[in-house]
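A.B. asks: What follows is a structure written as structure tokens; I'll ask about it next.
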Amino acid sequence: MGNTLPPQYIRLVAESVGADTDSGEALSDNDLMVAIAEGDRAAFAVLMKRYLARMVTLAHRIVFDREQAREIAQEAFLRVWRQAENWDPYGSATFLTWLHRVVVNLSISCRRRAREQVSIDVIEDMPSGLADGFDHIAASDKKHIVREALEKLPERQRAAIALYYFDDLPQVQAAEVMEMTPRAFDSLIVRARVNLKKSLADFGFRRREDLS
Amino acid sequence: MIKNFFRKNSAADDAKIRDVLRHYDPMTAPTAAYLAALEADIFAQLDVREQSSIPSNAGIFMGAICQGWSARTAAFAAALIVTLGFIVGQFSYGDVPVASVIGAPSLSALADETSWQSLPVTEASWEDTDDNAE
């Protein structure tokens with residue numbers, strides 16, 4: 001890809017040297033992808049500013065490892081750059097759905113690889129199901145407990161929770177990201193909630209009030 | 001009766017689940033410095049990948065010959081030809097007389113049989129040349 005800019009994206013060049021970024025922010029994802037396909041790094045920078053934080057956080061919620069999340073986000077955006085030429089703005093999926101899908105798939109693959117390498121010793125260090133009730137809760141950081149409970153979920157259920165509850169995607173769009181029907185996604189979310197409840201119960205959470 | 005904590009009965013319950021999870025969200029948002037460093041890393045990766053995709057001179061040459069080939073394909077073809085040439089050279093001039101396998105004498109064998117001493121000596125010797133007439 002060359003670095004020659006078409007006239008309509010000259011304003012994006014101004015952003016790359018620190019000028020007003022409002023114009024870039026006003027462009028749609030598809031507009032930016034067209035510019036990126038022509039080698040426009042300023043457009044790429046705008047797209048990263050728009051979604052990088054969100055994608056790093058999404059990956060982090062699935063892999064629970066900051067360094068791996070960083071690598072996943074990096075790879076996802078490199079794919080954006082490489083695939084921009086092939087991007088179809090009139091395709092069935094929006095850019096954001098596609099980007100979510102790339103990050104989710106990379107994260108699930110990464111997590112599965114990591115899980116295969118987990119030793120028996122690490123598994124034995126996981127909290128047992130015999131939590132000692134409310135004293136245990138009082139003595140523990142609740143955020144840490146929620147994290148542990150989320151981490152015990154299977155990858156796809158964790159991804160569904162991350163997309164639907166944390167990233168606030170509508171159910172239809174979240175289903176599209178996970179490449180499943182909305183009905184199947186709903187079933188996945190229900191299973192995720194049941195497993196989350198079981199995990200939290202292991203730590204002594206029985207009622208909603210326990211978390212409040 | 002213990003209330004099922006994560007039972008979803010309505011949109012309101014769903015919203016409560018969302019509120020609880022977000023309230024105890026174990027993940028912290030990345031800082032601006034972290035994101036800036038990550039952006040810089042991504043651009044650095046772009047530079048590395050673009051540089052690594054520049055074809056060699058042989059690739060450019062092959063690309064010029066093979067119109068319609070991509071530069072990367074031409075570079076690959078050039079590298080392949082150089083590698084094959086090296087392998088054939090090793091067989092031909094090295095210790096493995098591959099040509100003898102197919103019935104023809106190898107170049108090394110020919111070299112052994114045709115020594116400089118056996119070449120016909122012409123009448124014109126160095127002494128006869130004009131340069132050495134003195």
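The values are calculated or read from the model by the stated rules, or taken from the named source; none is laboratory data. Since this is a predicted model, take the numbers as computed values, not measurements. Here Cβ is always computed from backbone atoms with ideal geometry, including for glycine, and neighbour counts include all displayed protein chains.
A.B. asks: Step by step: first the residues of region A:60-80, then only those that are touching a residue at least 60 places away in the same chain (Cβ under 8 Å) and buried (at least 22 other Cβ atoms within 10 Å of the Cβ), then the one that is farthest from the other protein chains (Cβ to nearest Cβ). Which residue is that?
C.D. replies: A:I62
A.B. asks: Working only within region B:1-40, note down all residues that are among the charged types (D, E, K, R) and either at pLDDT 80 or above or surrounded by 12 or more Cβ atoms within 10 Å (Cβ to Cβ) (or both).
C.D. replies: B:R7, B:K8, B:D13, B:D14, B:K16, B:R18, B:D19, B:R22, B:D25, B:E39
A.B. asks: Continuing with this model, one more query. Suppose the filter is at pLDDT 90 or above, out of contact with any Lys or Arg (no Cβ under 7 Å at 6 or more places or on another chain), surrounded by 15 or more Cβ atoms within 10 Å (Cβ to Cβ) and not assigned by TED's automatic domain parsing to the domain that holds A:D65; does A:L106 pass it?
C.D. replies: no
A.B. asks: I'd like to verify a number: residues in region A:147-160 that are touching a Leu at 6+ places or on another chain (Cβ under 8 Å) and free of Cβ contacts under 8 Å to residues at least 60 places away in the same chain, how many?
C.D. replies: 5
A.B. asks: Looking only at region B:28-42, which residues are within 7 Å of chain A (Cβ to nearest Cβ) and more than 21 Å from A:A162 (Cα to Cα)?
C.D. replies: Answer for region B:28-42, where residues must be within 7 Å of chain A (Cβ to nearest Cβ) and more than 21 Å from A:A162 (Cα to Cα): B:L38, B:E39, B:D41, B:I42.
A.B. asks: Would you mention how many residues in region A:1-56 are part of a loop (DSSP other than H, G, I, E, B), modelled with pLDDT under 80 and surrounded by 15 or more Cβ atoms within 10 Å (Cβ to Cβ)?
C.D. replies: Matching residues across region A:1-56 total 3.
A.B. asks: Would you call A:A114 more than 17 Å from the chain's Cα centre (by Cα), at pLDDT below 90, within 24 Å of A:V146 (Cβ to Cβ) and surrounded by 17 or more Cβ atoms within 10 Å (Cβ to Cβ)?
C.D. replies: Taking the combined requirement at face value, the residue does not satisfy it.
A.B. asks: Next up: Determine whether region A:197-206 contains at least one residue that is at pLDDT 90 or above and either among the aliphatic types (A, V, I, L, M) or in the same structural domain as A:L96 (by TED's automatic domain parsing) (or both).
C.D. replies: No: region A:197-206 contains no residue that is at pLDDT 90 or above and either among the aliphatic types (A, V, I, L, M) or in the same structural domain as A:L96 (by TED's automatic domain parsing) (or both).
A.B. asks: Take A:I120 and decide whether it is over 17 Å from A:V63 (Cβ atoms), modelled with pLDDT under 85, of a type outside the set (D, E) and touching a helix residue (DSSP H, G or I) at 6+ places or on another chain (Cβ under 8 Å).
C.D. replies: No.
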